[in-house]
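Colleague: Let me give you the structure first, and then I'll get to my questions.
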Amino acid sequence: MKPTTALPKTYRVKSFGCQMNVYDGERMAELLATRGIAPAPEGEEADLVVLNTCHIREKAAEKVYSDIGRMVKAGKAAGRTPMIAVAGCVAQAEGEEIMARAPAVSIVVGPQAYHRLPEMLDKAAVGERAADTDMPAIAKFAALPPRRKIGPTAFLTVQEGCDKFCTYCVVPYTRGAEISRPYSNLIDEAVKLVEAGAREITLLGQNVNAWHGEDEAGRATGLAGLIRALAAIDGLERIRYTTSHPADMDDELITAHGEVTKLMPYLHLPVQSGSDRVLKAMNRSHTVESYLKLLERFRAARPDIALSGDFIVGFPGESEAEFEETLSLVDVVRYAQAFSFKYSARPGTPAASMDGQIAAEVKDERLQRLQAALGRDQLAFNRASVGRNCDVLVERRGRHPGQWLGKSPWLQSVWFEGEANIGDLVSVELVEAGPVSIEGRLRTAVSA
Ligand code: SAH
Ligand code: SF4
Ligand code: F3S
């Protein structure tokens with residue numbers, strides 16, 4: 001089938017990956033809007049579909065081809081296939097293959113090149129297929145349009161790329177080398193986001209705590225300095241950041257958690273495994289002990305901090321005893337929330353060709369055991385917060401009339417009933433805890 005050839009009037013961006021992938025999706029949508037292309041109404045076919053892909057695990061990449069297949073089939077039946085653009089990390093890693101395997105795809109654009117999407121659309125509109133997987137360092141951000149109206153929570157990419165090369169991970173190949181966006185650009189973008197309605201900003205980076213720059217006085221500063229500057233923006237109520245790497249942690253950031261009230265008491269610090277041997281094979285550059293010591297320092301600075309982590313089970317060579325060390329680590333830390341994954345061999349990464357690949361059933365069984373432990377701790381954390389009074393940032397309406405959903409400072413989902421508006425920061429008493437959400441009772445609206 002030939003690619004569609006007409007300038008699209010409507011678009012839909014589908015983001016499949018991490019928060020940075022979602023941020024990229026929003027920025028692509030803003031770019032398309034500057035070309036007069038409108039979001040397709042709910043339930044209607046779009047003229048242009050942007051598949052904003054993720055390459056982190058096998059299933060994520062497979063989804064791209066099945067999605068393309070589905071669109072082509074539906075298009076044949078309807079006599080009209082949308083223009084298809086593949087963006088994101090699969091585009092970066094497998095751009096050529098996609099072009100060869102999927103003739104229905106008009107555009108392939110990597111995560112560092114999507115500012116060029118408008119020119120690529122012009123090409124596609126005259127029937128030329130376009131691919132761009134260049135990595136022009138930081139040019140992208142300068143070429144993007146200003147932020148537009150958004151909801152109460154927003155993402156802001158401050159750092160991108162990764163030089164860590166954990167042996168299982170594709171990110172250093174799909175996102176390129178670590179770069180920090182300049183301080184003044186970030187302050188500008190944050191101010192625009194607040195003007196556009198954001199009350200909470202989550203700073204994003206593959207190694208967000210490796211961010212460094214120079215403040216307006218020319219002084220070298222790290223993430224803590226940036227957070228302190230952002231905290232001075234009127235109307236911005238909450239600051240979060242993710243994802244940190246244990247090796248990039250500095251004292252200033254830990255101290256900031258004890259001093260900056262707008263910085264939320266939540267730390268996502270992936271550990272991946274509780275076995276030093278496995279950590280070494282993963283090239284993680286920290287040990288279980290150094291990781292635990294870091295957490296202790298965060299807890300000393302901010303005793304109520306909620307801890308979160310990422311885990312991989314079934315890394316090549318992981319023995320039952322080594323997996324049990326991960327369970328022991330979980331028992332010690334008592335995470336408030338965590339993300340756990342079965343190891344997925346990614347083409348081109350060192351771990352994919354290591355001996356001792358683990359059978360699927362073993363990975364399944366380990367993941368179940370780990371998730372049971374993490375679920376137990378998440379429920380315990382939620383139960384321990386019952387009786388607390390806290391602010392909740394209202395993000396959306398609940399299922400029932402008069403019901404609202406938002407987040408506690410500890411990133412718990414809280415629902416409550418009463419008078420509120422999206423974007424309000426309301427004072428709530430946490431009254432009943434479930435495994436994934438908490439019921440709150442509205443006290444008083446603290447600000448509107
Ligand atoms: N930059 C972040 C996030 C990386 S991707 C960091 O370093 O923490 C998010 C998570 O996906 C990782 O923390 C890891 O737990 C998981 N992950 C990455 N590669 C994986 C793979 N090949 N198989 C399974 N899980 C993986
Ligand atoms: Fe991947 Fe490791 Fe870099 Fe995180 S630190 S993005 S897991 S290589
Ligand atoms: Fe996926 Fe790329 Fe993010 S691989 S996790 S979308 S950095």
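Colleague: Based on what the data block shows, is Y291 within 16 Å of ligand 1 (Cβ to nearest atom) and over 30 Å from M354 (Cα atoms)?
Modeller: No; evaluated as a whole, the condition is false for this residue.
Colleague: Restricting attention to region 90-103, does a residue exist that is in contact with a Gly (Cβ under 9 Å, 6 or more places away or on another chain), not in a helix (DSSP H, G or I) and not assigned by TED's automatic domain parsing to the domain that holds Y343?
Modeller: yes
Colleague: Report whether or not P435 is modelled with pLDDT under 95 and touching a helix residue (DSSP H, G or I) at 6+ places or on another chain (Cβ under 6 Å).
Modeller: Spelling it out, P435 is indeed modelled with pLDDT under 95 and touching a helix residue (DSSP H, G or I) at 6+ places or on another chain (Cβ under 6 Å).
Colleague: Check T326 against each of (1) buried (at least 20 other Cβ atoms within 10 Å of the Cβ); (2) out of contact with any strand residue (DSSP E or B) (no Cβ under 9 Å at 6 or more places or on another chain) and name the one condition it does not meet.
Modeller: (2)
Colleague: Name the single residue, out of those in region 142-165 being open to solvent by less than 20 Å² (accessible area, probe 1.4 Å) and closer than 30 Å to R284 by Cα, that is nearest to ligand 2 (Cβ to nearest atom).
Modeller: C162
Colleague: Pick from region 340-385 the residues that are part of a helix (DSSP H, G or I) and within 16 Å of ligand 2 (Cβ to nearest atom): which of them is surrounded by the most Cβ atoms within 10 Å (Cβ to Cβ)? Before you say what the answer is, go through the steps one by one.
Modeller: To start, the set of residues in region 340-385 that are part of a helix (DSSP H, G or I) comprises 350-353, 360-384.
So of that shortlist, the ones also within 16 Å of ligand 2 (Cβ to nearest atom) come out as 350-352.
Details: P350: 16, A351: 21, A352: 16.
Filtering first and then ranking leaves A351.
Colleague: Take the residues of region 79-94 that are under 15 Å from E62 (Cα atoms) and open to solvent by 10 Å² or more (accessible area, probe 1.4 Å): which is farthest from ligand 2 (Cβ to nearest atom)?
Modeller: E94
Colleague: Turning to a different aspect of this structure: When you look at S275, is it within 16 Å of ligand 1 (Cβ to nearest atom) and open to solvent by 40 Å² or more (accessible area, probe 1.4 Å), yes or no?
Modeller: In short, no.
The values are calculated or read from the model by the stated rules, or taken from the named source; none is laboratory data. The shown structure was predicted, so the numbers you read here are calculated from the model rather than taken from an experiment. Note that each Cβ is placed from the backbone with ideal geometry, even for glycine, and that neighbours are counted across all protein chains shown. Note: areas computed on protein heavy atoms with side chains; ligands, DNA, RNA excluded. Shrake-Rupley method; radii C 1.70, N 1.55, O 1.52, S 1.80 Å.
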